[in-house]
Amino acid sequence: MSKVLIKNLNKYLGQEVTVEGWLYNLRSSGKIAFLIVRDGSGLMQGVTVKKDVGEELFAEARKLTQESAVKLTGIVHEESRSVGGYEMQVTELETVSIAQEYPITHKEHGVEFLAERRHLWIRSPKQVAILRVRSEIEHAIRDFFYEREFVLADSPIITPAACEGTTTLFELDYHGEKGFLSQSGQLYNEATAMALGRIYCFGPTFRAEKSKTRRHLMEFWMVEAEMAYFDMDANIQLQEEMIYYVIQRILKRCSNELQTLERDITKLANIKLPFPRISYTEAVEILNQNGENFPWGEDFGAPHETIISNHFNAPVFVHRYPTEIKAFYMKPDPENPKVVLGADLLAPEGYGEIIGGGQRIDSLELLEERIQEHKLPKEAFEWYLDLRRYGSVPHAGFGLGIERTVAWLCGLDHVRETIPFPRLLHKMYP
Ligand code: 4AD
Ligand code: MG
């Protein structure tokens with residue numbers, strides 16, 4: 001008997017197959033039981049008729065509680081009125097385990113209640129859809145880089161120094177030495193790019209953010225690319241091609257999931273290349289036209305990013321931010337050193353910054369100056385300075401936050417649903 005995934009039932013019309021899953025819902029009368037089963041790939045209705053399966057099996061079916069583990073065998077039919085469009089005429093049923101009374105019922109539950117039970121909540125159809133889209137996005141990104149001959153070079157998680165400012169570091173005791181969880185793989189990416197040319201890393205990053213917002217996690221996944229001999233414009237072009245590639249891929253491969261999530265896919269399908277590009281200074285003008293009275297030199301908050309992206313109704317690159325508000329490694333614009341050759345990508349529909357990136361300082365002297373200005377411990381950065389001592393070249397890179405990207409593409413209110421087990425302020429259970 002072939003074991004099949006519910007999502008592939010359409011390939012087995014008229015055949016007898018087995019589905020291994022869990023009971024999602026049960027309706028029954030004295031003669032017929034409708035078992036809705038989930039297997040992680042979809043939902044299927046198993047129609048169990050007493051006179052076909054016999055008294056004993058029928059009684060067993062009716063005893064199944066929500067989330068009991070069960071294997072159903074039967075013939076696949078097309079049935080447009082049934083969940084998923086297919087249904088199984090059950091011939092055999094095997095109870096693997098009977099579940100105790102399941103806490104997450106089919107009525108509405110509050111987010112606090114669900115978050116405490118995240119290990120079970122992820123079984124719900126909406127959460128399954130999100131996690132499947134996340135997986136597809138990650139695969140698409142890897143394929144994108146693979147097709148362009150980038151090398152995957154993993155960066156370390158335990159690091160001796162800060163990359164993105166000292167205020168959000170998670171400290172740890174490294175056998176008596178002070179260490180930190182990585183905020184970004186970028187500095188190591190710069191080293192591997194000088195070794196391998198074009199590289200990316202993909203892994204968890206950590207920030208002890210003190211803020212409780214819908215966009216911040218303490219632990220999030222970032223894909224970070226770094227390219228030797230790339231300038232800011234080449235960097236931006238690569239990013240928009242990657243985003244476009246990912247969108248086409250999920251439109252093609254995740255249509256069922258996006259439907260479950262009630263995502264308005266026209267918003268994604270309408271996205272075209274190239275994305276608009278504006279300078280920080282132009283962005284400030286847009287804010288002021290919208291009555292914001294925004295002073296040049298300050299960093300944008302979430303509401304500002306929303307105004308800017310709504311103005312374009314598209315993903316938009318904002319480049320040349322004030323040097324003062326950006327990281328120590330950003331290369332100043334040779335034509336105006338008050339701004340840097342960095343660019344952020346703001347997602348549409350108010351999802352805010354999903355990519356941060358830019359061209360890096362390639363001069364040893366300037367980088368030494370910046371490390372001092374930012375009061376960073378020079379000893380910890382000696383290796384990084386070596387990259388400018390030995391064969392320094394113009395180079396650029398970026399980091400894309402996976403959770404914010406998933407939130408945008410799935411149309412979610414909060415990043416907490418974009419990762420199996422979110423790490424939020426004061427919350428690490430389960
Ligand atoms: O803009 P950020 O801080 O850039 C860097 O870390 C660079 N070193 C990346 C690079 O050039 N290699 O972070 C990059 C992205 C943000 O645009 C955002 O999408 C995401 O990471 N991000 C977060 N996502 C969830 N929770 C947080 N606390 C995040 N902080 C940043
Ligand atoms: Mg940023």
**Request:** Could you figure out which of (1) under 20 Å from Ile236 (Cβ atoms); (2) of a type in the set (Phe, Trp, Tyr); (3) away from ligand 2 (no atom under 16 Å from the Cβ) isn't true of Tyr390?
**Result:** (1)
**Complete:** Scanning region 353-394 for residues that are closer than 30 Å to Leu217 by Cβ and of a type in the set (Gly, Ala, Ser), the one surrounded by the most Cβ atoms within 10 Å (Cβ to Cβ) turns out to be Gly357
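Within region 408-430, take every residue that is more than 16 Å from ligand 2 (Cβ to nearest atom) and assigned to a helix (DSSP H, G or I) and give me the one that is surrounded by the most Cβ atoms within 10 Å (Cβ to Cβ). Steps first, please.
Here is the first cut: in region 408-430, the residues more than 16 Å from ligand 2 (Cβ to nearest atom) are 409-414, 416-430.
Of the ones still in play, those that are also assigned to a helix (DSSP H, G or I) are 409-410, 416-417.
Numbers: Leu409: 29, Cys410: 24, Arg416: 20, Glu417: 25.
Of everything passing the filter in region 408-430, Leu409 is surrounded by the most Cβ atoms within 10 Å (Cβ to Cβ).
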**Prompt:** Which one of these is at pLDDT 95 or above, closer than 23 Å to Pro394 by Cβ and either charged (D, E, K, R) or within 16 Å of ligand 2 (Cβ to nearest atom) (or both): Glu149, Glu171?
**Reply:** Glu149
**Message:** Among the residues that make up region 154-163, is at least one of them without any contact (Cβ under 8 Å) to a residue 40 or more places away in the chain, surrounded by fewer than 17 Cβ atoms within 10 Å (Cβ to Cβ) and more than 20 Å from Gln239 (Cα to Cα)?
**Reply:** yes
**Test: residue in region 331-338 that is out of contact with any Leu (no Cβ under 6 Å at 6 or more places or on another chain) and within 15 Å of ligand 1 (Cβ to nearest atom)** = no
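Among the listed residues Ile104, Ile32, Ile75, Ile36, identify the single one that is at pLDDT 95 or above and under 30 Å from His426 (Cβ atoms).
Values: Ile32 fails: under 30 Å from His426 (Cβ atoms); Ile75 fails: under 30 Å from His426 (Cβ atoms); Ile36 fails: under 30 Å from His426 (Cβ atoms).
The conditions single out Ile104.
Can you tell me which residue within region 195-247, out of those that are among the hydroxyl-bearing types (Ser, Thr, Tyr) and crowded, with 21+ Cβ neighbours inside 10 Å, is farthest from Thr166 (Cα to Cα)? Walk me through it before giving the result.
Keep residues of region 195-247 that are among the hydroxyl-bearing types (Ser, Thr, Tyr), which gives 200, 205, 211, 213, 229, 244-245.
The next check asks that each one be crowded, with 21+ Cβ neighbours inside 10 Å; those that pass are 200, 205.
Working: Tyr200: 24, Thr205: 14 Å.
The qualifying residue farthest from Thr166 (Cα to Cα) is Tyr200.
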**Item:** Subset of region 332-364 (residues that are part of a loop (DSSP other than H, G, I, E, B) and either in contact with a Pro (Cβ under 7 Å, 6 or more places away or on another chain) or more than 16 Å from ligand 2 (Cβ to nearest atom) (or both))
**Value:** Pro334, Glu335, Pro348, Glu349, Gly350, Ile361, Asp362, Ser363
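Answer yes or no as to whether Arg404 is more than 16 Å from ligand 1 (Cβ to nearest atom) and crowded, with 18+ Cβ neighbours inside 10 Å. Give the derivation first.
Numbers: more than 16 Å from ligand 1 (Cβ to nearest atom): no; crowded, with 18+ Cβ neighbours inside 10 Å: yes.
Answer is no for this residue.
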**Item:** Complete set of residues in region 183-213 that are more than 16 Å from ligand 2 (Cβ to nearest atom) and either in a helix (DSSP H, G or I) or of a type in the set (D, E, K, R) (or both)
**Value:** Tyr188, Glu190, Ala191, Thr192, Ala193, Met194, Ala195, Leu196, Arg198, Lys210, Lys212
**Request:** Would you mind stating whether Leu251 is in contact (Cβ under 8 Å) with a residue 40 or more places away in the chain, within 20 Å of the chain's Cα centre (by Cα) and under 30 Å from Asn270 (Cβ atoms)?
**Result:** no
**Item:** Test: Ala327 is surrounded by fewer than 24 Cβ atoms within 10 Å (Cβ to Cβ) and closer than 14 Å to Gly399 by Cβ
**Value:** yes
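The values are calculated or read from the model by the stated rules, or taken from the named source; none is laboratory data. The structure displayed is predicted, hence computed values, not measured ones. Cβ sites come from the backbone with ideal geometry, for glycine too, and all protein chains shown count toward neighbours.
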